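Asker: Take this structure first; my questions come after.
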Amino acid sequence: TPVPTFVAETVEAHLARIFSREVKRHGPDRLEAWWRDVDGRGTSIDEFMSNSVAPLLLVLGQLDLMVDRPAAPEGEAVRNRADEIRLGLDQAVVSYILPENMLWWRLDRAGRYRECLIREVDEGKVAYRYWDASEWTLYDVRGEVVKGPVEHGYGQIPIVRVFDRRRPRCTNIGLPRYESIAEIQREFYNRDSELILSDTTQAHPLLQGPEDYVKADGAIPIGPNWLLPKKKNNQGGSASYEGFDVIDFPKSGAESLRLNKADLRDAADRAALLLKPAGAAGTSGATVGQSGVSKRIDQAAGNDLLSKVAATLAQAERR
């Protein structure tokens, strides 16, 4: 059963609208130079925000962003400022940490990380990096120290968690804006699986015929050219032939599943404020015309949603 992509389609539609026009940024020359390569791989701030941060933040409801120095090349010793400049270690690079890799943390009163433990995977090897306000230490899967403690000199952990919305009664957990659409997507997948199973089962109807025509192993003799002969019935004093009938399953259950799937598709579009106007391609015959007031309300609600999403992304970039 193919997995539906309601959440991905919704996020892509919303972000396409938000980033349809170029984002204008102004800052010091050094900051604008960094915006042209924020991760040390030639990725601009526009690409990083629209392709990485924005989709993950909206789907997950939270995302940890980390700004650190590039890793020193193997075999190079960094002894002074001149070595940092020569090796390009005086620049900052930004990366993100997925929620499943932020294993443990403690916060200060301002909500910043005071301590945290991060799971890292490099070339198939798993390690764990412990951070506090002054240093970090790298451990292997057995808990043995691989490197460190190393002073980072930032004065605080260089990781900040940004939120779309905060989950009630949780200090540091986000609430995804598209959580309801994800639940609808899961229900759609379950019903689609049942419909595919039903269609597959009913694609080969059962054959019903005389009981004494079937052999003990369940086989039915077939003549030349795949001819299925009829069984002669000699009961009643006169010979007659009993025919074979095809048992066709009723289709009402499958039609009900299809209607349920259409309702779930509409529910996902309503949750994302992506309903099509009456008469547009892809709408069913049950679509009713909208009044002018209704259209204005729908447009205002969609614009309000996009404004909130855009504000969330702008706040994440500022932080």
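Asker: Could you work out how far the C-alpha centroid of the range 115-183 sits from that of the range 1-42, in angstrom?
Answerer: Between the Cα centre of the range 115-183 and that of the range 1-42, the gap is 23 Å.
Asker: At 1.4 Å probe size, put ILE159, ILE173 in order of accessible surface, largest to smallest.
Answerer: Solvent-accessible surface, decreasing: ILE173, ILE159.
Asker: Check which residues have an amide H placed less than 5 Å from ARG114's amide H, if you skip close sequence neighbours.
Answerer: Placed amide hydrogens put ARG106, LEU107, ASP108 under 5 Å from ARG114.
Asker: What does the net charge come to around PRO168 if you take all other residues with beta carbon closer than 15 Å to its beta carbon, with K and R at +1 and D and E at -1?
Answerer: +3
Asker: With charges only on Cβ, +1 for K and R and -1 for D and E, what is the dipole size of the range 86-163 about its Cα centre, in debye, rounded to 20?
Answerer: Its charge dipole is roughly 220 debye.
Asker: Could you work out the local net charge near HIS14, counting Lys and Arg as +1, Asp and Glu as -1, over the other residues with Cβ closer than 11 Å to its Cβ?
Answerer: Computed value for this residue: +1.
Asker: What is the spin-label model distance, in nm, from VAL214 to ALA82 if the labels are put 7 Å beyond Cα along the C-beta direction?
Answerer: 9.3 nm
Asker: Once phi is turned into ³J(HN,Hα) by the Karplus curve 6.51 cos²θ - 1.76 cosθ + 1.60 with θ = phi - 60°, what whole-Hz value does each residue of the range 188-201 show in order, with x for glycine and proline?
Answerer: Rounded to whole hertz, the list is 4, 4, 5, 5, 5, 5, 5, 5, 5, 4, 5, 5, 5, 5.
Asker: Hey, can you find the accessible area per residue of the range 11-76 for me, probe 1.4 Å, expressed in square angstrom?
Answerer: 63 Å²
Asker: Leaving out ligands, DNA and RNA but keeping every protein chain, what accessible area does ASP39 have, in Å² rounded to the nearest 10, with a 1.4 Å probe?
Answerer: For ASP39, the solvent-accessible surface is approximately 40 Å².
Asker: Once Lys and Arg get +1 and Asp and Glu get -1 on their Cβ, which of LEU175, GLY223, LEU138 lies farthest toward the positive end of the dipole of the range 98-237?
Answerer: About the Cα centre, the residue reaching furthest to the positive side is LEU175.
Asker: In addition: Provide ARG109, ARG318 ordered by accessible surface of protein heavy atoms (probe 1.4 Å), highest first.
Answerer: Putting ARG109, ARG318 in descending order of accessible area: ARG109, ARG318.
The values are calculated or read from the model by the stated rules, or taken from the named source; none is laboratory data. Values in this document were obtained by computation on a predicted structure and should not be read as measured data. Neighbour counts are summed over all protein chains in view; Cβ atoms, including those assigned to glycine, are modelled from backbone coordinates with ideal geometry. Each accessible area value is taken on the protein alone, full model and side chains, heavy atoms only, with ligands, DNA and RNA left out. Shrake-Rupley method; radii C 1.70, N 1.55, O 1.52, S 1.80 Å.
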